[in-house]
Amino acid sequence: MVNNRNGFTYMANITVLVTALILFVTIPKPTVVFSVLTCTCLGIGLCTTMFYVMTIKELPLSKIASEIEEERRDKINKELGVTKALMKKNGKSGKQWSDWIKEGQFYIFGFVYMFARIALNTTATMMPLYLATVTGFEQKGTDGSIPPQIALVPLCSYVCSLIFSIKFQQPLTQHFRNRLIPLVISTLVTTTGSLPYMFLTTNASTRWLVYPCAAVQGVGIAMMLNTGTSLISDVIG
């Protein structure tokens, strides 16, 4: 479920970038491009939000989920020989906010997830600036148009993230049966994809390497974010 959730997030980004790429190629004026792109994203967001509100019946589904959870707990307690009277005697079953702040893993996993989000947000934010100022792709747009690489490079990254999340994340997790090793691997992969950016220039013979670097970086960040999100589920569970 975590992998699919992040996969749909990447799919949303891909939708925006494909739309932007089409607009970059067809409309020469940047102000018009971003106005149309903004309206398009708002329109898609409005439609998907209304679909969610009208389709997902939250109260009935929550009731069903609560009943299933209660049945599961009763079955486990019956197998362990725990009676309802003993459960009531032991006090409340759920954790309060004060209980969470006493948990060491709460802070560890929280920081892991936070840094995974920072890795994604930083690369996504800095990439257009990097492409324009370091690799000089903005020089393509001498007529005032936006160079397509501004959308193509992030698109390459997000496509690889989507493919990895849907096809390869679950087998990887099942193979190692823990979160630590995938996190270490994701850090190494992300670093491998990021370090070459230090050496790229405006040289046309080398700056094409930004595409495979973005692909490797996208795989590493997807692995990192999927594992970090799973850690949050582990803490809650």
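Consider Phe109 carefully, then state whether it is over 23 Å from Asn13 (Cα atoms), crowded, with 16+ Cβ neighbours inside 10 Å and of a type in the set (Phe, Trp, Tyr).
Criteria met by Phe109.
Cβ contacts < 7 Å: first residue closer than 23 Å to Met224 by Cα and of a type in the set (D, E, K, R), restricted to the range 141-162; second residue surrounded by fewer than 22 Cβ atoms within 10 Å (Cβ to Cβ) and modelled with pLDDT of 95 or more, any location; separation 6+ or different chain. Result?
Hits for this filter: zero, empty list.
Thr48 - would you say it is hydroxyl-bearing (Ser, Thr, Tyr), closer than 22 Å to Pro147 by Cα and surrounded by fewer than 14 Cβ atoms within 10 Å (Cβ to Cβ)?
On the way: hydroxyl-bearing (Ser, Thr, Tyr): yes; closer than 22 Å to Pro147 by Cα: no; surrounded by fewer than 14 Cβ atoms within 10 Å (Cβ to Cβ): yes.
Against the criterion (hydroxyl-bearing (Ser, Thr, Tyr), closer than 22 Å to Pro147 by Cα and surrounded by fewer than 14 Cβ atoms within 10 Å (Cβ to Cβ)), Thr48 does not qualify.
Yes/no matrix, rows are residues, columns are (1) in contact (Cβ under 8 Å) with a residue 24 or more places away in the chain; (2) farther than 29 Å from Leu37 by Cβ; (3) among the hydrophobic types (A, V, I, L, M, F, W, C):
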| position | (1), (2), (3) |
| --- | --- |
| Pro171 | no, yes, no |
| Phe176 | no, yes, yes |
| Ile181 | no, yes, yes |
| Ser186 | yes, yes, no |
| Ser194 | yes, no, no |
| Leu200 | yes, no, yes |
| Val210 | yes, no, yes |
| Cys213 | no, no, yes |
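Conditions tested, residue by residue: (1) touching a helix residue (DSSP H, G or I) at 6+ places or on another chain (Cβ under 8 Å); (2) modelled with pLDDT of 85 or more; (3) surrounded by fewer than 10 Cβ atoms within 10 Å (Cβ to Cβ); (4) not basic (Lys, Arg).
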{"site": "Leu37", "(1), (2), (3), (4)": "yes, yes, no, yes"}
{"site": "Leu42", "(1), (2), (3), (4)": "no, yes, no, yes"}
{"site": "Glu58", "(1), (2), (3), (4)": "no, yes, yes, yes"}
{"site": "Ile64", "(1), (2), (3), (4)": "no, yes, no, yes"}
{"site": "Glu69", "(1), (2), (3), (4)": "no, yes, no, yes"}
{"site": "Lys88", "(1), (2), (3), (4)": "no, no, no, no"}
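Pairs under 8 Å by beta carbon, first residue in contact (Cβ under 8 Å) with a residue 12 or more places away in the chain and surrounded by 14 or more Cβ atoms within 10 Å (Cβ to Cβ) in the range 9-31, partner outside any helix (DSSP H, G or I) and among the aliphatic types (A, V, I, L, M), six or more apart or different chains?
Qualifying pairs under 8 Å: Phe24/Ile146; Pro30/Ile146.
How many of the residues making up the range 162-188 are loosely packed, with under 13 Cβ neighbours inside 10 Å and outside any helix (DSSP H, G or I)?
Matching residues across the range 162-188 total 2.
Working only within the range 189-210, note down all residues that are assigned to a loop (DSSP other than H, G, I, E, B) and surrounded by 12 or more Cβ atoms within 10 Å (Cβ to Cβ).
From the range 189-210, those assigned to a loop (DSSP other than H, G, I, E, B) are 199-206; that's our starting set.
The answer is Leu200, Thr202, Thr206.
The values are calculated or read from the model by the stated rules, or taken from the named source; none is laboratory data. A quick note: this is a predicted structure, and the numbers were derived from the prediction, not measured. FYI the Cβ positions are ideal-geometry reconstructions off the backbone, even for glycines, and counts take in every protein chain you see.
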